[in-house]
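Only one structure is covered here, and it is reproduced in the block below.
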Amino acid sequence: MTIGLASRTAVSGCVLCAAGLLALAPAAAATRPGVDPAPRTTDAPASLLYRPGTHVRPRAGAPEVPDLSARAWLVADADTGAVLAAHDAHRKLPPASTLKTLFALTVMPALPSGIRHRVDPEELEDIGPGSSLVGVAEYRTYRVSDLWNGVFLNSGNDAVRVLAALSGGWRTTAERMEEKARALGARDTHVKSPDGYDAPGQVSSAFDLAVFGRAGLRSPEFAEYCARAEASFPARDGGSYPIVNTNRLLTGADGVAPYRGLVGVKNGYTSHAGNTLVAAARRDGRTLVATVMNPRSGDGHAVYEEARALLDWGFDAAGRVNPVGSLDALRSAPPGGPEADAVAVSASRGGDTEGPPVWWTITGAGLLGGAGVAVYLRVRWGPVPKD
């Protein structure tokens, strides 16, 4: 069958109309009610933190960012979520006991602190060799609050085991922790051992740990435990003994000067992860959170001193740097995940990444479609008479 000129023109017009609508539909979808537009990049490309290296955007008079030995680090405003500076923020590294921040975020809401529990011997099985322990004893009854003191102050893997048993078991708890991480937008974290003990495939990142620390500070119960320097723990014989927080920035132990305004959060160490730390401090109504992962300095206390340097810099740089990203992770990740970084960064360089407004989209679609119809009418019926 042969298609005449008018028919072919009509088809072309329809194609033009459809092409206009298809080309512009994504922009309209991105701005219609109920659909979250692309991450805004008024200060920095949303995906900048997915790029390797150190990122800081100083204004005039800003202090120089500290030169640290850590494999990854980040400092952010805990209130606004603005990341002030970072190095390899999304590099996946073993988190050691800083992963207990995610454990607490996941398990704490479901376990009232006043619950009493008699420990079954099976709940203390399979604790990793060399684990830090608070001294949980089988057949002894503990309050949930005692066990949380053991988690936050002594980093007790035995306390984690019992709390995980109360929360559905070891594997179930690990799965719930990953679900919680994803719900917070933390995509770098994979949980194999809820206590942070080294396990194949278990990783997190400086970014994710900062997200967990920030989320924890929003919980009064979490914040109270992570800021506690000392507590009493029930002894096997029915008495009690003192335990001291192993976060030296909080206690000032072992020659590490306590940090003024520190409010927690959690330190960690394993032979595979090295030293890790999530630290938060509040000064003059402003709260910062910093993460330091695996300093390569030979100083055994480098993780604390590098966190101190980051916090000092962050308070000094207030108002004198532009953010390089946000801890509001659900909005700051590049569309499609880290692998889409190059596309996201390229788009951000064009300025406004939110796409054209709805009126522009509708008008453009109409013009393209109208042009196709006009061609068809002119060929089919001849020139349109003028008034």
Could you tell me whether any residue of the stretch 334-353 is open to solvent by less than 10 Å² (accessible area, probe 1.4 Å), within 20 Å of VAL203 (Cβ to Cβ) and at pLDDT below 95?
-> yes
Would you say TYR304 is in contact with a Lys or Arg (Cβ under 8 Å, 6 or more places away or on another chain), surrounded by 19 or more Cβ atoms within 10 Å (Cβ to Cβ) and not in a loop (DSSP other than H, G, I, E, B)? yes
From the option list ALA231, ALA186, ALA223, single residue qualifying as modelled with pLDDT of 95 or more and in contact with a strand residue (DSSP E or B) (Cβ under 6 Å, 6 or more places away or on another chain) is ALA231
For the stretch 234-251, the count of residues that are within 14 Å of ARG140 (Cβ to Cβ), assigned to a loop (DSSP other than H, G, I, E, B) and either open to solvent by 60 Å² or more (accessible area, probe 1.4 Å) or in contact with a strand residue (DSSP E or B) (Cβ under 6 Å, 6 or more places away or on another chain) (or both) equals 3
Residue hits (the stretch 234-253; modelled with pLDDT under 95 and in contact with a Lys or Arg (Cβ under 8 Å, 6 or more places away or on another chain)) are ARG236
* To do: Would you confirm whether any residue within the stretch 207-214 is under 12 Å from the mean Cα position of the chain (by Cα), basic (Lys, Arg) and part of a helix (DSSP H, G or I)?
  => yes
Among residues of the stretch 65-77 being open to solvent by 10 Å² or more (accessible area, probe 1.4 Å) and in contact (Cβ under 8 Å) with a residue 40 or more places away in the chain, the residue nearest to VAL203 (Cα to Cα) is ARG71
- [ ] Could you please let me know if VAL292 is surrounded by fewer than 23 Cβ atoms within 10 Å (Cβ to Cβ) and either under 29 Å from GLN202 (Cα atoms) or modelled with pLDDT of 95 or more (or both)?
- [x] no
Report task. For the stretch 168-182, state whether one or more residues are of a type in the set (A, V, I, L, M, F, W, C), farther than 29 Å from ALA281 by Cβ and not in a loop (DSSP other than H, G, I, E, B). Result -> yes
Quick count over the stretch 65-100, residues being within 15 Å of HIS190 (Cβ to Cβ) and part of a helix (DSSP H, G or I), is 3
Is it the case that LEU111 is open to solvent by 20 Å² or more (accessible area, probe 1.4 Å), closer than 24 Å to GLY216 by Cα and out of contact with any Cys (no Cβ under 9 Å at 6 or more places or on another chain)?
-> no
Residue set VAL265, VAL256; condition more than 18 Å from ARG214 (Cα to Cα) and open to solvent by less than 20 Å² (accessible area, probe 1.4 Å); output residue VAL256
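The values are calculated or read from the model by the stated rules, or taken from the named source; none is laboratory data. Since we're looking at a predicted model, the values are computed, not measured. Methodologically, a virtual Cβ is constructed for each residue, glycine included, from the backbone with ideal geometry; neighbour enumeration extends over all protein chains shown. Ligands, DNA and RNA are stripped out before the accessible areas are found, and what is left, the full protein with its side chains, is counted by its heavy atoms. Shrake-Rupley method; radii C 1.70, N 1.55, O 1.52, S 1.80 Å.
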